[in-house]
Every structure is written in structure tokens, then in C-alpha cells.
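One structure is given below, encoded as C-alpha cells.
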Amino acid sequence: MKDRLRPLEPDFWRAPSAHNTQPWTLTYTAEGAEVGWDPSRALPISDPTGRDLRLSLGAFVECCLIVCADAGLSVGFRPDPGPHRVGVLHAAAQPYRTPFTTADVRARGANRGEYHPGRLPDPLVAELTGMRRLACRDLADLLHAADLHQFGDREVTRELRAWLRLTRRHRRYLLDGLTDRALSLTRAEAIGLRASLALYPALRPLGLPRVLAGASRDLLDYDGDVLVLVGAVEDELEMGRVLMRHWLTLSAHGYATHPLSQIIDCEPTRRTLADRLGVADPRTLLHVARVGRPASPATPSSRLRS
Ligand SMILES: Cc1cc2nc3c(=O)[nH]c(=O)nc-3n(C[C@H](O)[C@H](O)[C@H](O)COP(=O)(O)O)c2cc1C
């Protein structure tokens with residue numbers, strides 16, 4: 001299996017992950033390829049429960065299966081949780097059945113730029129099992145509160161900063177993390193963010209969190225949609241696979257996604273969002289993203305394998 005899967009790894013690696021940490025590992029064994037994760041690529045501060053880690057690993061598994069199927073390889077996935085491991089890609093009787101292709105995997109990407117106003121068609125939203133829809137404007141207050149919470153937390157901000165690549169001179173610019181271009185920042189914005197984060201300890205008591213949170217103040221002030229993925233906490237890996245399929249469906253229809261996990265990372269805003277959706281257990285809110293037709297294409301994010 002190793003000989004056939006290895007050349008496909010750059011496409012497996014196009015899977016999305018929080019902060020673009022690409023936490024997954026593939027270890028080839030006699031049985032197939034073990035899917036695991038590298039603890040140095042987890043986000044223990046901003047993702048203490050491992051929710052985003054498991055969603056990202058699920059997205060990776062789905063990507064592997066789609067890319068293998070498109071290459072004509074009969075590969076399946078069997079969950080087999082263990083220490084730093086979620087399961088195994090193994091030889092199967094038939095290729096994985098999926099409407100998606102490697103070209104779809106390559107074409108998908110987060111887009112944090114401006115979106116044209118307009119709501120998603122109802123039949124499309126109905127196709128996205130587990131997704132609940134809200135109007136962007138109805139979440140603007142929660143996004144601001146969550147951003148204030150995020151940037152007010154020294155440790156969360158420190159962890160985020162470790163994955164930011166705001167200058168092309170950063171030695172990992174082409175490998176992982178969030179680049180200025182993927183974040184849709186202008187040069188001036190990137191320089192400003194770099195400088196203010198470098199001075200964070202000194203500027204925090206002077207109101208830096210408010211300034212940083214202010215940058216996204218108007219992000220949801222337009223006629224658009226936010227989609228919230230709701231599912232069982234025990235199924236986070238499987239829900240990562242579902243999330244990947246939904247993102248590919250949206251992307252195939254010309255829609256892009258901009259995740260806003262801070263809304264569910266912050267306890268009070270997660271509770272309020274659950275109330276607004278009529279969801280009893282706030283922990284079942286697994287992912288939040290605004291979705292729409294982007295005004296311009298996004299720069300593809302970096303990868304460890306390319
Ligand atoms: C579980 C999960 C959570 C994410 N949360 C955020 C987020 O809160 N904010 C954001 O801008 N992007 C978020 N992202 C998007 C990632 O940063 C993005 O997938 C990664 O940088 C790779 O870029 P790509 O999706 O364009 O390939 C998230 C992605 C995943 C899979």
C-alpha cells in the first residue's frame with residue numbers, strides 16, 4: 001500500500017485543519033496505513049477538548065478516501081482508536097463511493113475575504129445534514145464577544161501567534177500555519193498585526209484585545225449565512241468527515257467557507273448560540289463558519305507535503 005499511497009500524499013494533505021497545523025500522521029504497516037496525530041501539532045490551549053483535532057483528522061480521512069478512489073485504489077477506513085491514533089486505511093473490496101474527486105479536494109479552500117451579499121438556496125442547505133443556518137447579522141454580537149475573549153486570553157493569543165506566518169521571510173511560510181495571504185491581510189495589516197502581537201504583554205492592559213477584536217467588527221454585517229454543524233461529541237471524527245463532504249459540496253456550488261470557531265471556543269458565546277438554535281447541549285455545537293460567494297479567490301494555504 002505504501003508505494004501506491006505515498007505519491008498521493010500531497011493531495012491527502014490538502015485537508016483542512018485548525019490553524020493549518022496539519023496534525024495528522026500516516027504510518028505504513030503490513031495492514032495498511034495507520035492514521036494518527038502528532039501531539040506537537042495539537043492546540044492544547046485553544047482546543048483543550050481536542051474537538052478541532054478530531055474534526056481535522058476526520059477531514060483528513062475523508063480526503064484520503066476521495067483521493068484514493070479517484071486514483072482507482074480500493075481503500076477503506078476502519079476506526080481503531082489508540083494512543084495518538086484514530087484508525088487504519090486498509091485495502092478494501094471496492095473503491096470508496098463518493099461524488100467527489102481529487103480536483104474537488106484541490107479546488108476547496110477557506111476564504112476570509114469579502115463575500116457577495118445573498119443567502120444560500122434552501123435545497124442546498126437541506127442537503128447539508130447536521131448543519132443549522134443563521135443570518136450573519138444575528139451572530140455579529142457573539143463574534144465580537146468571542147474575539148474579545150480570545151484576544152484577551154494571553155495563552156490563546158500566544159498559541160495562535162505561534163502558527164501565524166505574517167511575513168514571507170518566516171522560515172515556515174511555505175509549510176504550515178496561517179499566512180498573511182491566506183488570512184486576506186493587506187501588507188499594512190500584516191505588519192500592524194505582527195507588531196501588536198510582539199508587543200502584546202505591554203499593550204494588553206492598554207486595550208490591545210479590544211483593538212484586535214475590532215478588526216472583525218463588521219465581518220458579519222451583511223446579508224449572508226452562517227452554518228453551524230451540530231452532532232454528537234463522541235462522533236467528532238465522523239463529523240469531521242461529514243464537514244469535509246459539506247465543504248466540498250459548497251465549494252462545488254461556488255461557495256466558500258470562513259470558519260469562526262472562536263464563537264464555540266468561548267463558553268458564554270457557545271451557550272448563547274445553543275440557546276438561539278434551541279440546542280439543549282452546547283457541547284454538540286461542533287463547528288461554525290460563514291458561507292457565501294467570495295468576491296475574489298483566496299490564496300491557497302501552505303502544506304508540509306506539496
Ligand atoms: C476544525 C477546524 C476549525 C477551524 N477553525 C478556524 C477558525 O476559527 N478561523 C479560521 O479563520 N479558520 C479556521 N479553520 C480553517 C483553517 O485555518 C484552514 O482549514 C487551514 O488554514 C487550511 O486552509 P484551507 O482550508 O484553505 O486549505 C478551521 C478548520 C478546521 C478544520
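The values are calculated or read from the model by the stated rules, or taken from the named source; none is laboratory data. Everything numeric in this text was worked out from a predicted model, so none of it was measured. For neighbour counting, all protein chains shown are included, and Cβ atoms are generated from backbone atoms with ideal geometry for every residue, glycine included.
Restricting to the range 13-46, name every residue that is within 20 Å of G82 (Cβ to Cβ), buried (at least 21 other Cβ atoms within 10 Å of the Cβ) and within 16 Å of the ligand (Cβ to nearest atom).
P23, W24, V35, W37
Are there any pairs with C-beta distances below 6 angstrom linking a residue in the range 169-197 that is in contact (Cβ under 8 Å) with a residue 60 or more places away in the chain to a residue that is in a helix (DSSP H, G or I) and buried (at least 19 other Cβ atoms within 10 Å of the Cβ), with the two at least 6 apart or on different chains, and if so which?
D176/N20; G177/N20; L178/N20
Show the residue pairs meeting these rules: Cβ distance below 8 Å; 6+ apart or different chains; first residue within the range 2-20 and at negative phi and assigned to a loop (DSSP other than H, G, I, E, B); second residue surrounded by fewer than 16 Cβ atoms within 10 Å (Cβ to Cβ) and among the polar types (S, T, N, Q).
W13/S306
If the requirement is being under 15 Å from M1 (Cα atoms) and surrounded by fewer than 19 Cβ atoms within 10 Å (Cβ to Cβ), which of these qualifies: G50, G76?
From the options G50, G76, the qualifying one is G76.
In the list D218, D223, D265, which residue meets the criterion of being modelled with pLDDT under 95 and of a type in the set (D, E)?
Numbers: D223 fails: modelled with pLDDT under 95; D265 fails: modelled with pLDDT under 95.
The match here is D218.
Check off (1) surrounded by fewer than 18 Cβ atoms within 10 Å (Cβ to Cβ); (2) in contact (Cβ under 8 Å) with a residue 12 or more places away in the chain for L237 and give me the number that stays unchecked.
Every listed condition holds for L237 apart from (1).
Taking the range 160-193 only, how many residues are buried (at least 18 other Cβ atoms within 10 Å of the Cβ), among the charged types (D, E, K, R) and either more than 20 Å from the chain's Cα centre (by Cα) or part of a helix (DSSP H, G or I) (or both)?
Selection size over the range 160-193: 0.
Scan the range 13-26 and tell me whether some residue there is under 29 Å from P95 (Cβ atoms), out of contact with any strand residue (DSSP E or B) (no Cβ under 9 Å at 6 or more places or on another chain) and not polar (S, T, N, Q). It would help to see each step written out before you state the result.
Of the residues in the range 13-26, the ones under 29 Å from P95 (Cβ atoms) are 13-17, 20, 22-26.
Cutting the leftovers down to out of contact with any strand residue (DSSP E or B) (no Cβ under 9 Å at 6 or more places or on another chain) gives us 14, 22.
Okay, now just the ones that are also not polar (S, T, N, Q), so 14.
Yes, the range 13-26 contains a residue that is under 29 Å from P95 (Cβ atoms), out of contact with any strand residue (DSSP E or B) (no Cβ under 9 Å at 6 or more places or on another chain) and not polar (S, T, N, Q).
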